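These notes concern the structure reproduced below.
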Amino acid sequence: MPEIVEVLLFTAAMFGVTAGCKLMIWGRGPIWKGRRKMENSDVEVGFQELEERLELQVFEIEERYASRVVDLEERLDFAERMLSQQRFRAIEVPEAEREPTPV
């Protein structure tokens with residue numbers, strides 16, 4: 001009978017040690033928390049690098065297309081002025097005085 005008790009105690013002790021080690025390494029123990037902190041700092045560094053690259057790309061895109069936008073604005077202003085001049089000319093010349101358009 002003492003042999004059975006010794007085997008049960010030894011098994012329980014080994015189970016406890018195994019479960020404790022598992023919780024410390026893979027569970028929510030101190031080793032896991034330290035590893036988790038390291039992973040979070042790596043992730044934060046990765047996010048910072050990604051944010052810096054995105055800001056640089058946005059800046060390059062803005063620089064590339066800034067002159068194009070200015071050119072397009074000037075062309076739009078010119079087209080608006082031309083359209084408004086044509087409207088005023090059409091209003092100034094009455095229908096009876098207009099030259100007939102050949103068909």
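Bear in mind these aren't lab numbers, they're just calculated from the coordinates by the rules spelled out. Everything quoted here is computed from the prediction, not taken from an experiment. Using ideal geometry, Cβ is built from the backbone for each residue, glycine included, and neighbour counts are taken over all protein chains shown.
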**Asked** For the pair ASP42 and GLU3, how long in nm is the line joining their label points, each one 7 Å along Cα→Cβ?
**Response** 5.1
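Could you tally the net charge around PHE59, taking each other residue with its Cβ under 15 Å from the Cβ of PHE59, Lys/Arg +1 and Asp/Glu -1? Walk me through the numbers before you get to the answer.
Values: positive: ARG53, ARG64; negative: GLU51, GLU52, GLU55, GLU60, GLU62, GLU63.
Computed value for this residue: -4.
For LEU76 and ALA13 in one chain, what is 0.36 nm times their gap in residues minus the Cα-Cα distance, to one decimal in nm?
Working: separation 63, 0.36 × 63 = 22.68 nm, distance 8.41 nm.
Gain on stretching LEU76 to ALA13: 14.3 nm.
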